[in-house]
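The values are calculated or read from the model by the stated rules, or taken from the named source; none is laboratory data. Quick caveat, the model's predicted, so the values are computed rather than measured. With ideal geometry, Cβ positions are generated from the backbone for all residues, glycine too; neighbour counts draw on all protein chains shown.
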């Protein structure tokens with residue numbers, strides 16, 4: 001089986017840096033994705049790590065270490081608009097439904113002024 | 001491009017009623033999927049399709065049917081609504097090549113309440 005574990009809540013202040021972790025237990029997957037979802041909104045794609053290492057997109061960075069079964073999303077220069085839920089997701093090796101995106105339960109980020 | 005559209009945005013049903021949630025995309029994406037989202041449980045896959053005429057079950061398919069007669073449309077049918085199906089339903093689509101397979105575009109969601 002597979003599972004993705006994320007902290008349920010994270011709080012930080014405006015202008016700070018926050019790291020949202022995602023640990024997983026799976027035998028093989030294609031890569032790690034991150035999605036953002038504001039309250040009442042639809043999830044939107046943020047980043048994808050196919051390989052180990054750091055991917056940077058503006059204020060957001062994502063990291064993957066397959067050897068440590070671990071990834072994270074790093075948000076810099078936090079803004080109030082970053083308050084949202086963040087989901088990690090993996091696409092497992094295999095066929096059929098086993099190969100579809102599997103999402104973690106999400107981390108609610110609250111940015112305080 | 002309109003992206004992924006879903007109708008209706010809100011729906012209230014009585015137990016035992018049936019209905020169809022509509023989903024359409026105009027990006028010529030091969031892959032389409034339906035998720036339900038319940039508080040604290042993330043997104044769970046109901047059904048998915050890798051092209052017109054091809055559908056398969058996801059993690060939680062019971063009580064739902066899908067069909068894919070065209071590339072653009074992927075309706076989700078609730079056969080006999082139950083209170084356990086109260087949820088927010090999202091439709092999503094993507095290409096199926098390389099990195100794009102992991103970048104799903106989501107519709108705005110349908111908020112369904114079953115009484």
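Here are the criteria: (1) facing chain B (nearest Cβ under 8 Å); (2) within 12 Å of the chain's Cα centre (by Cα); (3) part of a strand (DSSP E or B). Tell me which single one residue A:62 does not satisfy.
(1)
For a quick check of your reading of the model, give me the residue pairs whose first member lies in the range A:81-100 and is touching a residue at least 12 places away in the same chain (Cβ under 8 Å), whose second is part of a helix (DSSP H, G or I), with beta-carbon atoms closer than 8 Å and at least 6 apart or on different chains.
Once the first residue is touching a residue at least 12 places away in the same chain (Cβ under 8 Å) and sits in the range A:81-100, its partners that are part of a helix (DSSP H, G or I) give A:89/B:102; A:91/A:99; A:91/B:101; A:91/B:102; A:92/A:98; A:92/A:99; A:93/A:99.
As an exercise: evaluate residue A:76 against (1) modelled with pLDDT under 95; (2) in contact with a strand residue (DSSP E or B) (Cβ under 8 Å, 6 or more places away or on another chain) and give the number of the one condition it does not meet.
Of (1) modelled with pLDDT under 95; (2) in contact with a strand residue (DSSP E or B) (Cβ under 8 Å, 6 or more places away or on another chain), only one is false for residue A:76: (1).
Check every one of the strands (runs of 3 or more DSSP E) wholly within the range B:21-110 and list those with 1 or more residues that are at the interface with chain A (Cβ under 8 Å from one of its Cβ atoms).
Here the list reads B:31-37, B:43-51, B:54-57, B:87-94.
Considering only the range A:22-40, state which residues are touching a residue at least 60 places away in the same chain (Cβ under 8 Å) and away from every other protein chain (no Cβ under 12 Å).
A:24, A:26, A:27, A:28
Among A:41, A:71, A:94, which is at negative phi and assigned to a loop (DSSP other than H, G, I, E, B)?
Within the list A:41, A:71, A:94, the selection yields A:41.
Looking at the range B:98-113 only, could you name the residues that are surrounded by 20 or more Cβ atoms within 10 Å (Cβ to Cβ), more than 13 Å from the chain's Cα centre (by Cα) and at pLDDT 95 or above?
Those that are surrounded by 20 or more Cβ atoms within 10 Å (Cβ to Cβ), more than 13 Å from the chain's Cα centre (by Cα) and at pLDDT 95 or above: none in the range B:98-113.
How many of the residues in the range A:87-113 are closer than 17 Å to residue A:7 by Cα, within 11 Å of chain B (Cβ to nearest Cβ) and in contact with a strand residue (DSSP E or B) (Cβ under 6 Å, 6 or more places away or on another chain)?
Qualifying residue count for the region: 10.
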